Structures are given as C-alpha cells and as structure tokens.
1. Against the condition surrounded by 16 or more Cβ atoms within 10 Å (Cβ to Cβ) and in contact with a Ser or Thr (Cβ under 7 Å, 6 or more places away or on another chain), how does B:Thr545 come out, does it pass?
2. Can you tell me which residue within region B:336-381, out of those that are among the polar types (S, T, N, Q) and more than 23 Å from the chain's Cα centre (by Cα), is nearest to ligand 2 (Cβ to nearest atom)?
3. Any residue at all in region A:236-246 that's surrounded by 17 or more Cβ atoms within 10 Å (Cβ to Cβ), at the interface with another protein chain (Cβ under 9 Å from one of its Cβ atoms) and touching an Asp or Glu at 6+ places or on another chain (Cβ under 8 Å)?
4. Every residue in region A:141-157 that is of a type in the set (A, V, I, L, M, F, W, C) and either facing chain B (nearest Cβ under 7 Å) or within 17 Å of B:Val394 (Cα to Cα) (or both), please.
5. If I go through region A:399-412 residue by residue, how many of them are surrounded by fewer than 17 Cβ atoms within 10 Å (Cβ to Cβ) and either within 14 Å of another protein chain (Cβ to nearest Cβ) or within 19 Å of A:Gln177 (Cα to Cα) (or both)?
6. Can you list the strands (runs of 3 or more DSSP E) lying wholly within region A:233-317 that have 3 or more residues being farther than 17 Å from A:Thr421 by Cβ?
7. Filter region A:189-233 down to the residues that are farther than 19 Å from A:Ile143 by Cα and among the basic types (Lys, Arg), then identify the one that is farthest from the other protein chains (Cβ to nearest Cβ).
8. Tell me which residues, restricted to region A:387-407, are among the polar types (S, T, N, Q) and either outside the structural domain of A:Pro364 (by TED's automatic domain parsing) or within 16 Å of ligand 1 (Cβ to nearest atom) (or both).
Amino acid sequence: MSFIDNIKFKTVFILAFMVSIGLSGSMFAQEADSAAQAVDTTATVGDTDTAVTADMDTAAAATGTDTTDTAASAGSVGATPTATSDAAGKPGINPQVYTNFFYYVLLFFLLCILVAVIGKILQVYELTRKMNGKDSTHYLNNIQAGLFIVALVTGLYGVYWSYVHHGAQSMREAATQHGVNLDIMFMVTTVICTIVLVLTHIALFGFAFRYRARENRKAYFYPHNNTIEKVWTIVPAIVLTILVLFGFFNWRAITNIPEEEQKNAIQIEVIGEQFMWTVRYAGRDGAIGERNYKLTTPLNGLGIDFNDKKSWDDQMGSEIVIPVNKPVRFQITSKDILHSFYIPDFRVQINAVPGMKTYFQFTPTITTEEMRDKLDDYSYNYVMLCAKICGANHFNMQKLVRVVTEEEYKEWLNEQPYFFTEDLRKEFQVTQVNEDTADAKLLAATN
Amino acid sequence: MSSITSAHPADHHGEHGHHHESFLSKYVFSQDHKMIAKQFLITGIVMAVFAMFLSILFRLQLAWPDKEFPILEVFLGKWAEGGRISPDFFLALVTIHGTIMVFFVLTAGLSGTFANLLIPYQLGARDMASPFMNMLSYWFFFTACIVMISSFFVESGPASAGWTVYPPLSAVPTAISGSAMGMTLWLISMTLFIASQVLGGINYISTVLNMRAKGMDLWKMPLTIWALFLTAIVGLLSFPVLVSAVVLLIFDRSFGTSFYLSDLVVQGQILPNEGGSPILFQHLFWFLGHPEVYIVLMPALGLTSEVISTNSRKPIFGYHAMVYSLIGITILSFIVWGHHMFVTGMNPFLGGVFMITTLIIAVPSAVKSFNYLATLWRGNIRFTPAMLFAIGMVSFFISGGLTGLYLGNSALDIALHDTYFVVAHFHLVMGSASIFGMLCGVYHWFPKLFGRMMNEKLGYLHFWLTFAGAYLVFFPMHFMGIDGVPRRYYAFTEFPFMEKWISVNVFITWAAIIAALGQVAFLWNFFSSIRFGKRATQNPWGSNTLEWTTGVKHIHGNWPGELPTVYRWPYDYSKPGHHEDFIPQTVPFSETMSSNLPHDFEGNVEAERIQREWELANRPQAEKEAE
Ligand code: HEM
Ligand SMILES: [Cu+2]
Ligand SMILES: [Cu+2]
C-alpha cells in the first residue's frame, strides 16, 4: 500500500492542475504581485519537508484530509503560475475576492499534504515495528479503542458543559400556569433521558474499549437471553407509560377546557398574514365578530363581516396586552398561508390556518415588569413570533406581548381603536340601509 | 440488452460472461444488480455532497448574517447579491437540502445501494426478480435527481416551502417565488422518484419472498435483509399516499381545484378557492412522511447489525427480538404520523392518541439499542472503519432517539414544535444515524462492490472528524430550540433573545465546515480505492453471510456453479468448539460436529441423535487430551 506510485502521482497532479487552473482562471489577472507571493511561499513548500511541516502547523486551525504525497502537491502548486497568464478578471467582482478564496483553497491543500505526511510517517512506523518483530496490526485497533474512551470522557464533559452553559441560557421561567407544569414534565423527561444517555454511552464506548480485539481471545458466544430481553422491553415500557400518562393529562388540561371556562376568558383573535399579525380584541360584548374573506377590501383588510353586530365594538390591539392571572382565550387564524402563533415564554403554540380557527387558552402569571425584575433586564419583553415557514420574512414576523395588571390592561384597551372606523361605517351603510336604532345608539356609545 | 435473468442457467456464467455486452448495457443501462447498486451508490454520494454543500451555504448565512461573502455572488449571482444570500434563496437552500438528504441520499442512495447489492447476494439469488424493473428504478431515480437539480437554473428559483412543502405556501406562487416553476419541478421530480421507489420496492419484496437459496428460510436471513425487506414494504405502502398528496397539489396549483385551499387572501388578492383544507395535505404528507423516517433508518439499522456482529465476532444479541422489533416498528410507523401535527389545529383528542402510539414505538427502538450494547459486551472487537461507523450509528440512534420522547409528548411539543430542537432531533436520529449506517455499509461492502479495499487510516480520520463534527453541529441546537428559536429562520438578528445564539451559530458553522472538509477524506478514499485500492480477498472480514462466498470478480449470476445451500443462521461467530471464530452459512452441521449446540437442530430428532453419538465418541477423548 504505497503512497508513492506513479499512476497515483499522475492523477494527483492532473487533478490538482485542473483545480488550480479552474480556480486561478481570473484570480491573478490584476493581482500578479500576490500571485507571485503565493508561488513563492509554495515553492518553499516543495523544497524541503521541514518547511512543509512548519507551514502546516500554522494551517492546523482548519481541518481536512487527503492522501496526496508531498511531491505531487508541490508539483500541482507549481502549476499555478502557468495559469496566471490566461483569462481576464470578471467585471464587478473585486479580484481580491478570488485571491482570498484561493488562499483558503491553498490552505486546505497544504492541510491535505500534512495528512499525507502523517500517513507516511505512520507507514514507516509500522514498517519499523514489523521489522523489530512487534505487532503491527493491533496497535491501530488499540488506538481506536483508546479514542473511544477519550470520546466518552470529552463527550460526557461536553454534555455537562452544555447543560450548564447553554442550558442556563435556554431555560426561561414559564410565565403561564400550564407552562409551569410543562416545565416540570420537561425536567423529569430530561433527567430520565440524561441518565439513559450517560449509561448507554458508558456501556457503548466502555465495551468498545474493554472488549477490543486481542490476540488469543475469543468472543463469548451469547446469542440471546430471554430474561434480560424481557427486562429491557418492560422497563422502558413502564417508564414510557408514566411519561405518556403525565403528558396525556397535561395535554388534555391544556386543550380540553370546559365550555364554561372558555366563555369566561378574555377573547382575543390573532390573524396572521405575510408578514405581520393583527390583533383583534372582542370589545365590551366579549365576543369577536365573524369574518368573511370575500369581504376583504383595502379598507377592511381582515374582511370583517360588519353584518355581525358582534364585530362593531371589536378593537385593534397595537400589541398583545393581557392582564395577569386572567384566563385568555386566543382564537388564531390566517389570512393567507400557514403561520404559527408561538410565545416561547408562555409555552404556547398553535398554527394559524387559513379558513379555520384554532384556539389556545392560558393564564399568564407573571407580568412583564415582574419578569424584568426577575431577569434584571429592563428591556426584556415577551414576544409572539411566527414558527411556521411562511416566506421571505418568516424570520421577522413578530408581535410584542405585554402582561400587565388588570387596571393597566383596561386603561390600555380603552385607547385601542375600533375596526369599525368612520370610513368603514360609510362604506358599510351604503349596503346596510335599514338599521336598528338601538344598534346606532350602541355605536354612538362606543365612540 | 443483456439477456441475463434470474432464471439463466448456471453453466453460462463463466469467468467471461460479458461477451455480448456493449459499454451501454454494461455500465449505463445495466440490469445487473451489482452494477445498479454501484449506480445508486455513486449517484447518492454525488447528491449527498451537493446537499452538504447547500447546508454549508446556509450555515454561512446563519453564522454571519451581517457579513458579505463576495465569492458567493460569483457563483450564485442575484441570489447572493452583494455576497449575502437572500431570504428567499435561503429557504430554497434549506428546502432542497432537506429534500435531497431525505429522499435522494438516505432513501434511494441507501436502500437502492444496499437492497440491490445485498438482497441477491445474501439470499443466494442470481439477480433480482425483475432486473428490467430494477434498471428502470435507477433511471427514474436518476431523472428525478436531474430534475431536482435543474430547479436551480430556473429564474424564480427552486422550491422553497420547506421539504414538507405545506400548502398553501407551496401552492400559491405569489406567496413565495420558489412556488412558481421551482415547485413544479419539485413535484415532477418527486413523482419520478416515487415511481422509482415503487418499482424498486416491488422488486425487493418479490426477490426476498421468492428467490431465497435452498435452506434460506426467513429465520435464517441476515438482519440486513430483514431490514431491507421491511423497509421495502413500508415504502410500498406509504409512497403511493405521497403520490396522491402530490397529485392533488399539482391539481390545486395548475387546474384550479381546491383540495388544500380555502379562504385565501394572498398579497391583497382574494383567491377563488373554497372548501379545501391545508390540514388534509399534512395528513397525507405525514402518512408517508413518518414511515419515511423509518425507511431511512431501518436499512441503516440492518447494516449496522451485520457489521457490529461481524466485527465483535459475536452473534447479534437477540436475533429474534431484533426481527420482531423491526416488524413492530414497521407496523407502528403507520399509526404515529399525527405526532407531526400536534399543534397544527388537528383535533386535540387525536393528538392524545398519537402521543400514545408514538411513545409505544419507542419500545422496539429501545430494545434494539440495548441489543446492540449486549452484542458488544464480551466481544472481541475489531475496529474496522465500518465498525467505527456502526458504533457511531448506535450512539446517534440513542442520543437522537431520546429527544423523541420530548417531541412525541404532545404537551411538551407545544413549546418545541418547529424549533431548532426538532432540527437537532431529526438530524441526530435520522440524519446522522442513517448516514453513519450508510457509511458503515460502504466501508464494509466496498470490497464486495469494487473488489478492492479502502484505506483504513483515512477511514479512521473520516470517522473521527465526522463523529465529532456531527455532535458539535447538532447538539447545541437542542438548546436553541428550548429557548424558542424557530427553525427555517434566515437570521437571528430581529429578536433580542436570539442574539445570544449567534456566537453558538458561528461555532456550529465552523464545526460543519470542518466536518464537511472531512468528507474529502472519504471521497478521496472512495474514488481512488476503486482504481488503486489494495486488492480484496474473498472474505476479508471473516463473515458468515453468502455474499462472501462469491468470487471477488463480479460475474453474472453471482455464483459460477450451483447456487449455495444454507444450513445455519448467519451469526455463528466465535462458536465454542470451532477452530475458527466464524462459520459461514454454507457450512453444514456435519462439518462442525465439535461446535454444534442442541438448539441448532430445531427439534430434528435424527440430527440430534447423530450429534449425541458423535459426542459420546469424541468428548471423552477431548477431555483426556485436556488433562
Ligand atoms: C452536512 C451536514 C448537515 C448540516 C450542517 C445540516 C444543517 C441543517 C440545518 C441547520 C437545517 C435547518 C435550517 C433551518 O431550519 O433554518 C437543516 C435542515 C434540514 N436538514 Fe440538514 N444538515 C446536514 C445534514 C443533513 C442530513 C444528513 C439530513 C438527512 C436526514 C438532513 C436533513 C435535513 C432536513 C430534512 C431539514 C429540514 C429542511 C426543512 O426545514 O424543510 N440534513 N439542516
Ligand atoms: Cu412564518
Ligand atoms: Cu414522525
């Protein structure tokens, strides 16, 4: 298995030559100096082996592999100046761009040579071992076994490290009632999973190390053991049953809310469209008016059906503001395509589906102010964001969420405008001539 | 056209069986299962490299959202104006990356390669049941690849609604530019792809059922075959459902129907569609989509079983349990699709039901993991590169599978759905585990495919770079997801809470780049070993299965003379009493009297009697010698 073999040399050379021509097509057009420089440095590489390794040390930041041999690659690098002469630079792109790119490619090339050199050294080492009559096959096997122990130790430490650092960064306090329950379940699941993860990996990598091949050993013929297999079918089954039950009751508690409680909650509708959210408060009648997408006009962007009197007092929220410790029932839908109504702090998510209403009811427990105090971050805000791919601005489709006290909420809501504006009323009155006077009064009152 | 079929008489298969073959019928329109396997493999590798390159492009964007990479403009033109990838194109990259990886690499590339290679070889058949369909299968796949890649050359860009192509986004071209021509090409490509899968699947199933060698009853089949067989069944039952989903979507897009569309006002335009439901598409898609993840995973599990057993020099622990858990997974995989839809507005009661079925499917998966561990225990483990990848596969299968317990729990999924937690989960359990299974297969069966060995040391380098790289890339993503960072986000710059993750993104991207460069070690190793690798011996790993009883040189019909006869299961490794640490399936019990166990005879009274007599005659003597 010799690295130096003529056919290989040739292919490597041709390959490298073609790559360099392709890359340098225009890169040196106006950069003859730096090209010369590049050739200079690489020329040294070709000259002495020590230079190669020296260069390589600095390049070791990135990683890559190949099995070219030193001579071949030196040859290929030497081929680059031939290419300098041809091709003019592409207009519009700064030639420096190509140069920089080429440096990275070169760096990678050098790295490949380093790998090849190491391969070579290993080969020589193996040869000497063989000549000294020492075993030359098992040592590689032992190295892999050792590496598994290294992987185990660093891996376990890595898991610990990310739990501590990234974990701390990612677990935020749930600001809703059901969120707290979910977090407990999350923690229980995490504890179970971590235990399993650690134990199985200790076994996996530990066995790999402990039972690495050795001469004169035979594996233990052990095709099955029904008892053990039953145990490790039943134990996971039990653990999973517990998790399922836990999850099932939580899920029902969140999604299966009695009619009565549904009615008592504050009703808010959130409608998604590319790439914004509109928030509709039910107004004093506590009921949200119907929509009909066919009624959409530039003025009536949501297509609210003002035949439905429930819609007359509906208010548009500039943001989502909800009172603390009061159940709120969100009714979510979409004007155009799928979106997802997602508030990470609340552990709340439900898709916005066109032509269909979805609901999520929850009770916030921590006001924005309190949360800021807790976090010691006075610019902190809850935010609702879109979690279902919806187009170019999917990454920036958000609405501020504020949890406030009851009084603040009322005060704020009073300032929010009605959907049924002056202009819309005119438009609407054209179509709706005979109106109940009581309704007219109601309208007057709301304004 | 080659005239070789499975029924071809054996004596025609001399060393020079290819006399009436042109280049075209040998290398291009080949009907030989080994050549088709190579075609699938190399196409799969090319597609994998392409998809990996796409992922590096969008990883650059995620790590350095404000930085310019002018070199990108050189290659991508208007999609990376000023050296910054545009949001539309970002989504296109993500979509095509996901599509190619899941379907083209890990479905066709994985099953296509190893089902074609191993089903006839390990079962002792001369070729597939229908070599012609087999060839068609490859060419449909190849065309699908070309169509998919060609979508990069249309003006409005490739499909960009995510690999799940949920309508209405994918149905309404005004919603996103990728849903114009690009989406049409995506749908055409997938239709071709499904045709390929169905043709292949029928073939695999009928071959396994009908063309097993003498003595190869179902319970003597290697786990690879079990896995590939069950995978084909899953694919055959689920892919047609994707066809219907795709066809209805084509109708909605091109013929004005409203299967998935209703009540839409897109960009101020009221659309005429009424009465459809986007949820319908999700049901249809995931009815395939979930089984699909097992289509991706099960072959990898099968290959891993074989490689772990061979290289631990031990029988696979709990062979029957392994088969039953595969069967369990096969069946259960059809009734869990709803776990992708907990928060999509599906009836919440259904969500509860799907949670239960989902967590049940975790049981067979757990059994498999434990059985792998038990197989390693007290083995005599040889770390070939294939073995390393098999161990890596088990590691990913466990670490990725565990996070399934969170996502399968509908209550926890509320906060995790469509976040980076999901990205981390499926990249570990489906992405990395299957890719590792596939690579383990490539390293292990390379001598069978090409008659040469791959370079071991490069294989080691490849493994450690990829193994570390995959964990470094995907593990931190869990935490982003827990913090609530949604997936398919172009930049983390618009939300204060995401800013802390940008530095992590930089780290991930570097890890991804290093791991991607590490693949050069594989590519070099693979392609140069085809020509220049050390020549393989007939049975380089000391394996029991039938493919290693064929010659190194490929011939039509696989075995020059008669087909082999099978006498025993494939896992007689290190059997006590035998002088070698493996006994191929073709060795009759009469030749291994010193190692036979009562269990081996499956209640055959006559055989048991002969064995007893032999033992009476020989044991005492052996014991005497020992003293
Ligand atoms: C080369 C290593 C890989 C890297 C660095 C990578 C990275 C990523 C990232 C960061 C995303 C999420 C993008 C986003 O949501 O914004 C993604 C999406 C995805 N990846 Fe990978 N991935 C790799 C390999 C794979 C493999 C082997 C598979 C095979 C299963 C795969 C399948 C997917 C799928 C299905 C998606 C979802 C696409 C979508 O959202 O529509 N990836 N990848
Ligand atoms: Cu969105
Ligand atoms: Cu699924």
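The values are calculated or read from the model by the stated rules, or taken from the named source; none is laboratory data. For clarity, every value in this text was computed on a predicted model and none was experimentally measured. Ideal geometry is used to build each Cβ from the backbone, glycine not excepted, and the neighbour counts take in all protein chains shown.
1. no
2. Let us first name the residues in region B:336-381 that are among the polar types (S, T, N, Q), namely B:344, B:347, B:357-358, B:365, B:369, B:371, B:375, B:380.
Keeping just the survivors that are more than 23 Å from the chain's Cα centre (by Cα) gives B:344, B:347, B:357, B:380.
On the way: B:Thr344: 14, B:Asn347: 24, B:Thr357: 29, B:Asn380: 54 Å.
Filtering region B:336-381 for residues that are among the polar types (S, T, N, Q) and more than 23 Å from the chain's Cα centre (by Cα), the one nearest to ligand 2 (Cβ to nearest atom) comes out as B:Thr344.
3. The answer is no; no qualifying residue exists.
4. Answer for region A:141-157, where residues must be of a type in the set (A, V, I, L, M, F, W, C) and either facing chain B (nearest Cβ under 7 Å) or within 17 Å of B:Val394 (Cα to Cα) (or both): A:Ala145, A:Leu147, A:Phe148, A:Ile149, A:Ala151, A:Leu152, A:Leu156.
5. Matching residues across region A:399-412 total 3.
6. A:266-273
7. Going through the qualifying residues, I end up with A:Lys230.
8. Result: A:Asn393, A:Asn396.
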